[in-house]
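Written below as structure tokens is the structure these notes are about.
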Amino acid sequence: MKKGILNKLVVSICLMALLCTALFVGWSTIFAYASQPELGPSIYVDCSTNSATQDGSKKNPYKTVQQAIDEIKEKNSATTTYLVKIAGGVYEFDKTLTIDNTIPAEHIYFEPQDKNNYPVFSGGTRLEGKWQKEANGIYSIELNRDRKLRTLYVNGRRCYMTSKTIGGMGATGTYHIEAGQADWAWLDGDVSAAIRFNKGSIPENTRNQDDIEMVTRSTWNTTTVCVDRIETSGIYQNVYLQMPYGAIAQTLGWGNEYGFKEKNYVYNVFEWLDEPGEFYFDKTAHKLYYYPREDENLNKADVIVPNIDTIIEIKGQDKDNKVSNITFQNIIFENTDWNLCEVDGSYGRGTNQANASLYAYAHKTKPSYDGEICWHDDIYRSYDIGPAAVSVTSADNILFKNIVVRHTGNEGITFINDVSNSIISGCAIYDTSASALVIGHPQHMFIGDKGSDIGLFSEKEKYDLNEEALCKDILVEKSYFDDLAKLFLGCPGITVYAIDGFEFLDNKLSNTPYSGISIGWGWWNMNGDDDSSTPGHATESVKRVNVARNFFENTMKDLNDGGAIYTLGDMYNSRIDNNYIKNIGTEGNGNNKIRGIHMDEGTRNLFGDSNVIEIKEDYACIDCGNWGRKGDNTWINTYSTTEKWSTEPNIEPGTTCLIIYCKDANWTSDAQAIIAAAGHIDSKIDEMINFEVKYKKSSLGLIIGLSVGGVVILAAAGVMTYFFIKKKNKKVENVA
């Protein structure tokens with residue numbers, strides 16, 4: 001009886017141990033993520049693999065996603081669908097992963113192996129080593145890097161360069177440009193060479209002076225220049241700008257040009273490191289200094305240094321050679337870098353509006369023009385879009401489903417040129433330095449205009465005739481956009497320059513310093529009138545836009561002259577319906593230019609129905625004022641907490657605006673229904689945002705590893721004990 005019980009007990013222990021082993025070791029099999037059918041071969045990737053034989057099989061997975069791409073190239077089968085199944089963990093990219101039209105496949109799906117363990121694609125590296133305590137609450141650590149560091153992330157939170165506000169005392173010195181002296185020099189000109197501050201405003205011998213940045217603000221924008229050197233002259237301190245970008249930044253208009261007598265926001269001076277969450281990187285000494293927040297233990301923290309600007313680039317060659325059928329789902333992209341626009345070794349970021357950064361000395365604008373070249377006259381050929389964490393161009397049928405993009409050095413996702421039939425669904429994009437999403441290009445007001453007679457400098461057009469095309473039929477739905485444009489305040493949360501077919505449906509967008517979403521470009525200047533920049537040529541680059549059932553909250557927090565929804569130019573056959581807009585503007589940043597919806601210059605052919613706008617009484621719900629050749633717009637059933645429909649004394653002829661005034665947000669039942677239906681984002685978003693990313697070997701991993709090892713040992717011991725007892729019992733039985 002006792003022998004039977006003992007045998008059963010040992011067998012039970014063995015079976016339980018083996019089952020536990022299977023549960024731990026075979027975790028990804030039991031919880032296999034099967035979002036797509038097995039349409040073709042699966043290629044496995046696991047950043048933690050130690051297999052010497054990496055063949056992309058489940059048993060011997062590749063260590064990097066690049067290896068999976070290389071295998072697909074080698075197979076060279078344009079009719080095969082591939083599933084790239086990626087194990088959970090952090091994949092630290094040291095260079096951009098490019099998917100181009102030379103990769104043959106019917107469709108490529110990138111997805112997790114385990115639905116509960118999301119892969120993290122990081123553009124940064126976890127900083128290893130021991131922090132040393134310095135004076136005044138500052139800590140330091142060695143960092144092997146030779147260029148400026150503008151962004152740092154500690155435990156998933158953005159940290160900032162040191163800063164101080166200094167009043168400018170005017171300009172000094174002259175910098176001369178001759179047209180043709182370099183690719184960036186399109187015109188002759190003379191600009192100021194340096195800004196004057198009071199002596200001692202910046203510590204005279206501060207380290208790495210070329211890493212210092214200076215920013216001035218306009219009504220709706222910011223302009224950044226970088227320092228070349230600092231010199232003392234009598235009672236003044238002359239701070240010389242890096243050239244030629246310092247010259248380029250002086251050619252803007254409407255107060256956007258760098259201001260020599262303005263309030264200057266000066267960044268990245270070592271001696272000013274005195275606030276929690278601030279850092280300074282000394283590239284000469286290869287040492288990072290950081291002032292930790294109260295809840296941060298640096299020797300246990302995940303301190304991430306971004307290394308690359310773009311993690312994933314999907315890029316076709318031209319209109320006839322596009323990348324097609326790529327899907328990314330349930331993947332997190334984070335921690336990217338960007339060191340501003342670079343022109344001939346100088347750095348900065350200047351624009352008259354939004355994300356379009358100036359890259360050439362190409363115009364001399366004044367609000368009244370005064371016979372000088374207007375910035376519209378070159379059809380924005382001197383402007384370009386900076387990098388994004390995820391960049392797509394010349395592509396078709398691209399799907400981003402349930403992905404997260406966060407902690408970026410510039411943009412989140414960009415669909416820049418000739419992207420069609422593509423979807424962003426159930427995604428979260430937040431904590432970006434610039435916009436969450438950019439669609440189209442500022443040079444797309446006319447397509448195929450390189451070498452044409454439209455505007456100035458047509459030979460400078462970015463895209464060749466076989467490359468340039470509008471983005472077409474793009475859907476953004478059920479997604480979450482929050483805490484945007486953290487470093488470049490003039491960038492809207494979402495920017496759409498040019499598009500043929502765009503739907504923005506059931507999204508939530510919140511916390512932007514400027515406009516929530518900006519649609520259109522070109523102002524009235526592209527309408528083809530005799531006094532426009534393109535006489536006889538009217539742009540048709542924005543059409544079939546539908547913005548519906550979205551919730552916009554806390555927009556226009558820092559700047560003004562915008563709105564939660566902002567439009568420019570002709571909007572052929574476009575609608576804005578059933579949106580809920582709440583909390584626009586901040587006390588003290590002006591009230592005459594804050595609007596719920598702002599139709600700016602040239603807006604026409606726009607229809608709006610059943611929008612709810614909760615806004616202060618002295619702001620405008622929808623600005624239908626005379627902002628320059630506007631008209632043919634209709635707004636009906638607009639529920640608003642203000643009766644103001646314009647910041648101008650006169651409404652534009654041809655515009656209809658019918659407001660249903662709801663004082664103190666006493667909404668009608670129809671308005672309440674609109675509010676209830678707005679911003680129904682995908683339920684999976686919270687789960688992905690709150691997913692705990694582990695950059696280091698966590699204690700949990702150690703426990704699991706020990707547990708697996710312990711269970712295996714227990715199983716082995718149980719099996720040995722079982723056969724030992726069996727053998728012993730057998731001997732006893734034979735003796736008997």
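Where a number appears in this text, it was derived from the coordinates with a stated rule and is not lab data. Computed from a predicted structure; not experimentally measured. As a convention, Cβ positions derive from the backbone with ideal geometry for all residues, glycine included, and neighbour counts pool all protein chains shown.
Miscellaneous remarks
- Entries of 616/684; 263/283; 478/593; 322/478; 95/322; 58/322 with Cα pairs more than 25 Å apart: 616/684; 263/283; 478/593; 322/478; 58/322
- Here the peptides 322-331, 666-675 are ranked by packing, the mean other Cβ count within 10 Å, and the order with the highest first is 322-331, 666-675.
- Based on the reciprocal of the average 1/r between different C-alpha atoms, the Kirkwood radius for segment 566-678 equals 13.9 Å.
- Using C-alpha pairs below 8 Å separated by at least 6 residues, the relative contact order for the chain is 10 percent.
- Relative to the Cα centre, the charge distribution of the chain, modelled as +1 at Lys and Arg Cβ and -1 at Asp and Glu Cβ, gives a dipole magnitude of about 4540 debye.
- Applying 1/(1 + (r/R0)^6) with r as the Cβ-Cβ distance of residue 76 and residue 135 and R0 = 60 angstrom yields a FRET efficiency of 0.50.
- Comparing 123, 110, 179 along the charge dipole axis of segment 96-239, the residue lying farthest to the positive side is 123, per the Cβ-charge model.
- Given charges at beta-carbon only (K, R positive; D, E negative), |dipole| of segment 566-678 in Debye: 80 debye
- Taken as Cα centroids, segment 420-470 and segment 640-696 sit 28 Å apart, rounded to the nearest whole angstrom.
- By the count of neighbouring beta-carbon atoms within 10 Å, fewest first, 126, 604 end up ordered 126, 604.
- Estimated FRET transfer efficiency (residue 147, residue 181; beta-carbon r; R0 25 Å; 0.05): 0.40
- Considering only the chain, percent of DSSP beta bridges that pair antiparallel, nearest 5: 30 percent
- DSSP beta bridges in segment 566-678 [antiparallel fraction, %, rounded to 5]: 5 percent
- Check: segment 153-227 dipole with +1 on Lys, Arg Cβ and -1 on Asp, Glu Cβ, in debye: 660 debye
- Once the Cβ-Cβ distance of residue 235 and residue 664 is raised to the sixth power relative to R0 = 60 Å, the FRET efficiency obtained is 0.60.
- Of the labelled figures [x] 44, 32, 27; [y] 51, 32, 26; [z] 66, 31, 22, only one reflects semi-axes √(5λ) of the Cα gyration tensor in Å as derived from the coordinates, namely [y].
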